[in-house]
Structure formats: structure tokens, C-alpha cells
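Reviewing the structure listed below.
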Amino acid sequence: MTNPADAPKPVSSPRRLDPEDAQHALEEVQECLRRQQLVQDLVHRQEQGDRKAVLVEDLVHRQHQAEIQTLINRLHPADIAFILESLPKDERQEVWRLVSPEHDADVLLEVEDWVRESLIEAMDRQDLVAATGNMDADELADLAPDLPPDVVAEVQKGLTEEERAQLLEAMGYPEDSVGAIMDFEMVRVREDVSLEVVLRYLRRLHELPDHTDQIFVVDRQDKLQGALPISVLLVSEPETEVSAVMNTDYLTLGPLDSDADAASAFERYDLVSAPVTDDQGRLIGRVTIADVVDVIREDSQEQDLSRAGLQEEDIFAPVAMALRNRAPWLLFNLCTAATASFVASRFEGTVSHIVILAFLMSIVAGIGGNSGNQTMTMIIRALAVGRITGKNIWQLVKREMLVTFLVGLCGSLVAAAFAWAISDSLSIALVMMAAMICNMLVGAGVGVLVPMVRARFGKDPAIGSSVLLTFATDSLGFFIFLGLATIFLI
């Protein structure tokens, strides 16, 4: 990317900031942009053709650019990505033009997908080729869907045959698979050499691949035979053969395995890296803890959005795009709310006869929703880590119902006491108590069944789950409470 000619050169060694410092840097960038906009507005109010005013605007604009450039190019690429994600599109692209070319590739890999598109849009073909030309095959595969086809073709020309084959292989795996996140850069040795030979080999390397905690042992056909931990290599006698100290009990992943399953395995076994092998047992790549952390973070964000019926979007996206994202589930929620209101309207005579019920029924619906949300959160989490199977599902349902009943029994005693206090009626208090327990059981049942049914049919168990839960607890909560009131109080 091209920087202003008179701008100072960025610091060559960026420093990582903590989140609070990154937030402070964002505020400084926003302040510079605000001052720049004020100057532009002031100049535009001057008479047209005022050359002096235009020169002043140009000078101030260059000063602000230099200030922003000095600030952001001292940051780690992850912090630069944070700043870019926090700015509207026009300001984002303006700041992006000031980022040093040496950071372009790292920043493109760090930013969220919904931001990357706007950054690539602001770059010309030459800048894109320069930024992606030195990327590893697995990194380039991550960016390839967002890059213009001619840029990908140009970058491929600079790859070796092995790198080109790795790129095509990585691009051929499904998005949520291990093959899509695996790294091709790793250290391999034979089992019939001594540790001294391995150490000499490592010393000839410029540096070890990131997160190298073990060296993979392969035969001449590249079939995985074992793993040699770095810690064992360092403390063992140099003349010892690799076969004598390598681990033969190790976890392997397949390229078509789910990346979520890989993340669960890393969490369960406290792994730093794991080999990826094909159907013939040949070593084709590895997955590191850095890849897994990204998967966990993305899955967590998707679940949070899905439960509200949302998809990931730019927080500064055009209004029309935001409407397409948010409107469907909101309209569905409007229908469910209308249904709940219709149910309540069918008991108009009961409510008009005992007005206090209108104030109490919202408590029944709200507590049922909160109880169901607790259950649903636990179920979605258990599904994500694979703890729910066909053999324990009914045991889990019965347990959740029992827990909800006992919690509801305790909470309903408090609610009944409150209803008695404001209505001075024991009958209303008992109806309140029974309705609350029943609606909490409804919430628990929906909280268990909705995620499980969606997962059973291969759907995301979190999508729209909160909306469906609210529909059930509101509609049935009103029906149960007012129905019991009609039966026992009228």
C-alpha cells in the first residue's frame, strides 16, 4: 500500500498492547479523525476558490495522517485489526491506507471476515499481490475466498510445486473442517536417527514453526510413526535413538474431522499441537492451539448471535443489510408476542373480574423464560462439546425436569407470599404458585427439546432458540395462569 511521501517511517518492530491500551489507541485515532473532519467542514464553509484555505486543509490533513500512521504502525497487527473493526467503513479504509505494507498480510489474517472484504476493496491489485505473496499456503487458503481470482492466480505463480499443491488441498476442504485450519509447516524426522542428529538438524533451521511442542516421526512414505516431545529431546542423552524415546500413543486428526471436535480434543487432552493424517496414515499437516483458539472464539460468537436469530455482520453495515439480518426473527417474535396477547385476551372476563391477575401474569411468564434460558444454555453447551448421546438424553431430560421442579417449588413459595401480600387472597397465591411451577417446567422442556431437535436434523441448535423459548413461556404461561385462575377463582 502507498503511504504519504512526507509521513514518518513506521517502527519496524511492533509491540503488543493489552486490551486497555488498544482501546486507548482507538480513541486517539478517532480523535484525529474528528479533528480532521472539523477542519474539512471549516474549509468548505469558506468562499469557493480560497487557495489559502485549501492549502491549510491539505497541510492539516497530512499532519493528521502522519499522526495516525505513527500511532497505528507501532501496534501489533491484532490491535490494528481491532481498531479497523471499530471504525465505520469510510474511516476504516482511510486508516487502512496508512498501515505499513509490512503489516498488511498479518492484519488481513487477524480481522473478522466481515471487515476483510472492505479492506480488500480499498487495495489495488499490486498491493494485494504484495501482501499475499509471502503467505504460507494455509494462510493464503484462508484469504482466497475473499480475494479476486486474478490475484490468487498471480500469487500461485510465485509458489513452489509443493506449496501450490498444499494450497489447492487446503482450499478443497470444507470450511468447518480440520483440513481448512491445519498448518503445513512442521518438523519431521526418521525414527532410526540419534537425538544428536535431530539437534543438528534443528540448529540448521532459521526458526521452529510456531507452537512446536513436538517433532513428528515418519517413515520414508511419510506415514506417522510417533511423536518426539521437545522436552524429551532436550533432556535425553544425545546418542539415544528417536525410536527409543518417541511417543507411540498419540492423538491424530483427520482432515475431514470437524474443527469443533478438534477443539474439544485440545481442551480435553491439554494439547498444544496435533498431527493430521490421511486415510493411509500419511502425515499431511498439523493443528496448533492458535488455530483451535480461533475456532473456539468464532463458535462462541456464532452461538451468541444465533440464539438471537442473527448472523455476523459489520456493526457499521448499511441499514438495508442490517434489516435483512435482523428483521426475519424480529417479525417472527412479533407473531409470537401477538399469539401470547391473543391467549391473554381470551381470558378478558377473568382479568376484568380479578384485576390483580394482570400484574401477576408477567411474573409467571418472565420466570418461566429465565428458567428455560438457563436449561437451554447448558444443553447447547453440552451439545457443542459432544456430551449428549442417544443413551443419556432421557436421563438428562428427567434430571432437568427434577431440578427445575425443585427450584420452581422454592421460587413459587416466594412468589405466592408476594401475591398473598398484595392481593390478600390465599387462593390467588396458590394459583400463582401452581402456575409458576408449571411454566418453569414448560421452559425447561422447551430449553431441552428445541436445541436437541435442531441438532438431530443437522441444524445449529442455537439459532432462534431464545425466540422460540419466549414464545412458549409467554403463551403457555398466560394460558396456564389465567386458565387456573378461571377454574379456581371464578
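Quick notes on this one:
- When residue 207 is tested against (1) without any contact (Cβ under 8 Å) to a residue 40 or more places away in the chain; (2) more than 18 Å from residue 290 (Cα to Cα); (3) not aromatic (Phe, Trp, Tyr), only condition (2) is not met.
- Every test in (1) within 26 Å of the chain's Cα centre (by Cα); (2) closer than 20 Å to residue 272 by Cβ is passed by residue 172 save one, and that test is (2).
- Flag if residue 190 is surrounded by 15 or more Cβ atoms within 10 Å (Cβ to Cβ), more than 36 Å from the chain's Cα centre (by Cα) and not aromatic (Phe, Trp, Tyr): yes
- Summed over region 127-143, the residues that are of a type outside the set (D, E, K, R), out of contact with any Ser or Thr (no Cβ under 9 Å at 6 or more places or on another chain) and either modelled with pLDDT under 85 or open to solvent by less than 30 Å² (accessible area, probe 1.4 Å) (or both) give a count of 8.
- Residues of region 113-135 that turn out to be within 19 Å of residue 168 (Cα to Cα), of a type outside the set (S, T, N, Q) and assigned to a loop (DSSP other than H, G, I, E, B), as a count: 2
- Scanning region 446-466 for residues that are open to solvent by 30 Å² or more (accessible area, probe 1.4 Å) and outside any helix (DSSP H, G or I) yields 457, 458, 459, 460, 463.
- Lone qualifier among 132, 160 - being of a type in the set (Val, Ile, Thr), closer than 25 Å to residue 284 by Cα and out of contact with any Leu (no Cβ under 9 Å at 6 or more places or on another chain): 160
So that you can scan it fast, the table gives a plain yes or no per residue for (1) open to solvent by 80 Å² or more (accessible area, probe 1.4 Å); (2) more than 37 Å from the chain's Cα centre (by Cα):
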residue	(1), (2)
179	no, no
196	no, yes
203	yes, yes
208	no, no
225	no, no
230	no, no
238	no, yes
241	yes, yes
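- Residues of region 71-87 classified as among the small types (Gly, Ala, Ser) and open to solvent by 10 Å² or more (accessible area, probe 1.4 Å), total: 2
- Hey, residue 487 modelled with pLDDT of 90 or more, among the β-branched types (Val, Ile, Thr), outside any loop (DSSP other than H, G, I, E, B) and open to solvent by 50 Å² or more (accessible area, probe 1.4 Å) or not: yes
- Here the helices (runs of 4 or more DSSP H) wholly within region 136-186 that include at least 1 residues being over 22 Å from residue 264 (Cα atoms) and not assigned by the TED database to the domain that holds residue 258 are 137-143, 149-157, 161-171.
- Filtering region 237-295 to residues that are within 24 Å of residue 199 (Cβ to Cβ) and part of a strand (DSSP E or B) leaves 241, 247, 273, 274, 275, 283, 286, 288.
- Region 88-126, residues that are open to solvent by 10 Å² or more (accessible area, probe 1.4 Å), in contact with a Leu (Cβ under 8 Å, 6 or more places away or on another chain) and not charged (D, E, K, R): 93, 109, 120
- Within region 82-100, the set of residues being in a helix (DSSP H, G or I) and under 12 Å from residue 25 (Cβ atoms) comprises 82, 83, 84, 95.
- Put simply, of 441, 469 the only residue that is under 39 Å from the mean Cα position of the chain (by Cα), surrounded by 18 or more Cβ atoms within 10 Å (Cβ to Cβ) and at pLDDT 90 or above is 441.
The values are calculated or read from the model by the stated rules, or taken from the named source; none is laboratory data. The shown structure was predicted, so the numbers you read here are calculated from the model rather than taken from an experiment. For neighbour counting, all protein chains shown are included, and Cβ atoms are generated from backbone atoms with ideal geometry for every residue, glycine included. Ligands, DNA and RNA are excluded from the accessible area calculation, which covers all protein heavy atoms including side chains. Shrake-Rupley method; radii C 1.70, N 1.55, O 1.52, S 1.80 Å.
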